[in-house]
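Let me begin by presenting the structure, written as structure tokens, before commenting on it.
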Amino acid sequence: MAVTAGSAGNTVEAVFRIESARIIAGVARIVRDVGIAEEIAQDALVAALEQWPESGVPDRPGAWLMATAKHRAVDLVRRKETYARKLAEVGRTLEDAPPPPEPAEADDIDDDLLRLIFTACHPVLSTEARVALTLRLLGGLTTAEIARAFLVSEPTVAQRIVRAKRALATADVAFEAPYGAERAARLGSVLDVIYLIFNEGYAATAGDDLVRPALCEDALRLARVLAGLMPDEPEVHGLAALLEFQASRIPARTGPSGEPVLLADQNRAKWNRLLIRRGIEALGRAGGGPYGPYCLQAAIAACHARALRYGDTDWATIAALYGQLVRLTPSPVVELNRAVAVSMTEGPGAGLALVDAVAGEPALKDYHLLPSVRGDLLARLGRAGEARAEFERAASLARNARERELLLDRAARAVP
């Protein structure tokens, strides 16, 4: 039955948004080039926009798009004699576009989507390029949406994506999921990209909004997908758990006007208990240890999630977990977080000593949370004048307008 062009167009766009990553991944397995795969997927989208208003929306629109894209990919391979050998390898079954068989061994991952994730997050690309390409190919975001999310211009994002595709082609990056030791090394890059996307949504670096929930949702969805694809990787479940816990707090992190609400002041009744339960389950799937960095961070987040009131927080366990984390991945930022936890168990003086021990680290030179934490500890010690100066310095370093307002307010209230 024919449908209107408008309703068909809306259906096409909705289906493509959901299925685009799988379609691009399936086509990339054939053409071995993510740039060409994305173009072919877009061709399938155009075909649907042209045909569905007259022929009607298929019963399985996602399968229709996948089959159309794979047929076009096979046609492209056939037209190029230089790809004859590759065509022989993939075989006649490509025309029927069946899904890849389940791997025979746990280590023998044969999943197009997993291959696409590892390709988009390949170390040959810069961090900015990995983030942009991941959101484009796996998140289904348009160039304009990525630009708005990160407060950069559309041409900048477009250039990053084009350069990323070109870099993958130039380096002849294989479209495959790595194995053994290489997989372990590459997995860190994948997890870092997903975490960076989430963190930019959870605590926006710049702009007028503290939180951008859409980015958090994209990252959380990617983490869940990856956990399903790699069920035997503890750190994958650790990342998923961490994001579930962090996402559970989002409704309570801002006030009615979008102003930040500190952890101690948050209405925990607004925390999403379903996401907390999912986080606890994901951390359970990670096993009993020894924990990697994302599992440790998830365990810390779980301590906060389990506390029904701020006063119930198990700061001693949090401080111990931060101690493990700083030994595993030495970082002045982690040490700064440990100082906060120590201050809650041993007093603000002990916390301030730890902060001052890392204050000279180059990585913290322009980090606004260093003077912010220091200001809080000084205020708790009754040194209001010094605290005010630290809050003012933190505000001068903050790029997010909402955080700057909060820090200036705290400075104003730190009266000797």
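The values are calculated or read from the model by the stated rules, or taken from the named source; none is laboratory data. Everything numeric here is computed off the predicted structure, so don't read it as measured data. Every residue, glycine as well, gets a Cβ built from its backbone with ideal geometry; the counts of neighbours run over all protein chains shown. Heavy atoms of the whole protein, side chains included, go into the accessibility calculation; ligands, DNA and RNA do not. Shrake-Rupley method; radii C 1.70, N 1.55, O 1.52, S 1.80 Å.
Observations, loosely collected:
- Whenever a residue of the range 238-262 is at positive phi, its partners that are modelled with pLDDT under 95, lying with C-beta atoms within less than 7 angstrom and at least six residues away or across chains, give the pairs GLY258/ASP209; GLY258/LEU210; GLY258/ARG402.
- Filter result (in a helix (DSSP H, G or I), touching a Leu at 6+ places or on another chain (Cβ under 8 Å) and surrounded by fewer than 17 Cβ atoms within 10 Å (Cβ to Cβ)) within the range 351-376: none
- For the range 47-71, a tally of residues being open to solvent by 50 Å² or more (accessible area, probe 1.4 Å) and closer than 29 Å to GLU176 by Cβ returns 3.
- Test: residue in the range 24-35 that is farther than 25 Å from THR134 by Cα and either of a type outside the set (Val, Ile, Thr) or at pLDDT 85 or above (or both): no
- Boolean, GLY279 is assigned to a helix (DSSP H, G or I) and not acidic (Asp, Glu): yes
- Condition broken by LEU191, with the remaining ones in (1) open to solvent by less than 60 Å² (accessible area, probe 1.4 Å); (2) under 22 Å from ALA241 (Cβ atoms); (3) at pLDDT below 90 satisfied: (3)
- Among the residues of the range 377-399, those that are out of contact with any helix residue (DSSP H, G or I) (no Cβ under 6 Å at 6 or more places or on another chain), closer than 13 Å to VAL415 by Cα and part of a helix (DSSP H, G or I) comprise ALA384, GLY385, ALA389.
- Wholly enclosed helices (runs of 4 or more DSSP H) of the range 124-198 bearing at least 2 residues among the basic types (Lys, Arg): 127-137, 154-170
- Residue check, ARG380 modelled with pLDDT of 95 or more and surrounded by 17 or more Cβ atoms within 10 Å (Cβ to Cβ): no
- A single member of GLY289, GLY228 is within 16 Å of the chain's Cα centre (by Cα) and open to solvent by 20 Å² or more (accessible area, probe 1.4 Å), and it is GLY228.
- The one condition in (1) touching a Cys at 6+ places or on another chain (Cβ under 6 Å); (2) open to solvent by 30 Å² or more (accessible area, probe 1.4 Å); (3) within 25 Å of LEU210 (Cα to Cα) that ARG273 fails to fulfil: (1)
- First in the range 149-168 and more than 10 Å from ALA132 (Cα to Cα) and touching a residue at least 60 places away in the same chain (Cβ under 8 Å), second anywhere and open to solvent by less than 50 Å² (accessible area, probe 1.4 Å) and part of a helix (DSSP H, G or I), Cβ under 6 Å, 6 or more apart: ALA149/LEU215; LYS165/GLY35
- When restricted to residues that are farther than 15 Å from LEU407 by Cα and either touching a residue at least 60 places away in the same chain (Cβ under 8 Å) or of a type in the set (Gly, Ala, Ser) (or both), the range 333-389 contains 13.
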